[in-house]
Amino acid sequence: MRKTVMVTGATSGFGKAIASVFARNGYNLCITGRREDRLQALKQDLEDSYKVSVLPLCFDVRNRNEVEHAIAELKKVYGTIDILVNNAGLAAGLSTIDEGDVDDWDAMIDTNVKGLLYVTRQVLPLMKEKGGHIFNIGSTASKLVYKNGNVYCATKFAVDALNQAMRIDLLPYGIKVTGIHPGMAETEFSIVRFKGDEQRAASVYRGFEPLHAEDIANTVFYCATLPPHVCINDLTITCTNQANSAYTIKDAERVNK
Ligand code: NDP
Ligand code: 8X3
């Protein structure tokens, strides 16, 4: 029987690439996000290309009622779920703590921390009986705070803490928990952070090759297909020009260009 994977935030970036790699390998999917048109287009594309079943669920992870209704729908369609990828998230703004926008703080905390918890809480009853695998997408910002990153980093530190907590709590159910911590990747992440300013977003990645969404998708797929007794707990992945969330160099700065 085909396995089922739920990917939150599949309308763009990592989530879309993760959904695609699992579909290409024959998994049924539940894809989520707030942009219905993108969910429908991805469903069509993946079903046509790979002959798998794709359930699109359009909801905001910040809204508990919407999360509950969506996962009740998932239960009706698939019954159980094998893999959950908690990927939906964002950074909003980049400023010092005294100048930060409180609405941005709410959006990040509500999405990256509370949204991840709401989804996980509803999915677990569909996973506990036969075990499964949860991926939480953290960041290099889960490991080291960078200048002006304050609240975003705090939400990703929280994701790191929740990885550790889930791994302990879910041991009796044979549920693997893997924290994936990417460094800089050129998705829509910076466009969202800078409120649609595409030039500013592009400048973040100028002068070096950042990660591609597919690099993270392939890593998630690798972790998900290890033998049942093996769990990768935590992985930090950066492009070659990045050491951590505070140190990245341009190609021009390399001595052996
Ligand atoms: P994108 O902006 O390309 O994708 C973000 C996804 O999250 C979209 O599908 C978006 O869907 C979804 N999303 C955001 N808010 C909500 C919400 N309230 N409810 C439901 N879905 C939501 O960025 P990335 O792919 O880069 O980001 C994915 C994850 O990776 C995030 O958690 C981010 O913090 C993390 N990350 C990103 C890095 C990077 O450099 N790109 C590096 C490290 C971590 P929609 O708008 O349709 O709702
Ligand atoms: C996203 C990468 O470096 O902007 O988590 O924090 S970074």
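Descriptive notes on the structure:
- Cα convex hull volume per residue for the stretch 155-254 (Å³): 116 Å³
- Protein heavy-atom accessible surface, 1.4 Å probe, per residue over the stretch 4-253: 47 Å².
- The angle between the Cα long axis of helix 213-224 and the main principal axis of the chain comes to about 40°, on a 0 to 90 degree scale.
- Considering helices alone, the calculated mean residue ellipticity of the chain at 222 nm is -12000 deg cm²/dmol, with DSSP H runs of length four and up weighted by -39500 (n - 2.57) and normalised per residue.
- Among beta bridges that DSSP assigns inside the chain, antiparallel share in %, nearest 5: 5 percent
- The gain in end-to-end length when the ALA246 to LEU117 segment is fully stretched comes to 43.7 nm, 0.36 nm per residue minus the alpha carbon separation.
- Under 12 Å from the Cα of LYS176 - aspartates and glutamates, other chains or at least 8 residues apart: ASP82, ASP234
- The accessible surface of the stretch 4-253, taken with every protein chain in place and a 1.4 Å probe, is 51 percent carbon and sulfur.
- Counted charge near ASP104, where neighbours are those whose Cβ lies closer than 13 Å (Asp, Glu -1; Lys, Arg +1): -3
- Dipole magnitude of the chain, debye to nearest 20 (Cβ charges: Lys/Arg +1, Asp/Glu -1, about Cα centre): 720 debye
- Distance between the stretch 232-257 and the stretch 113-137 - C-alpha centres, whole angstrom: 31 Å
- Quarter of Cα convex hull surface for the stretch 4-253, i.e. mean projection, nm²: 13.3 nm²
- Under 23 Å from the Cα of LYS43 - lysines, other chains or at least 8 residues apart: LYS3, LYS16, LYS51, LYS75, LYS76
- Placed amide H near ILE237: partners under 5 Å, 5+ positions off or other chain: HIS181, GLY183
The values are calculated or read from the model by the stated rules, or taken from the named source; none is laboratory data. Fair warning: this is a prediction, and the values are worked out from it, not measured in the lab. Counting neighbours? That spans all protein chains shown, and the Cβs are built from the backbone with ideal geometry, glycine included. Calculation scope for accessible area: heavy atoms of the full protein, side chains included, ligands and nucleic acids excluded. Shrake-Rupley method; radii C 1.70, N 1.55, O 1.52, S 1.80 Å.
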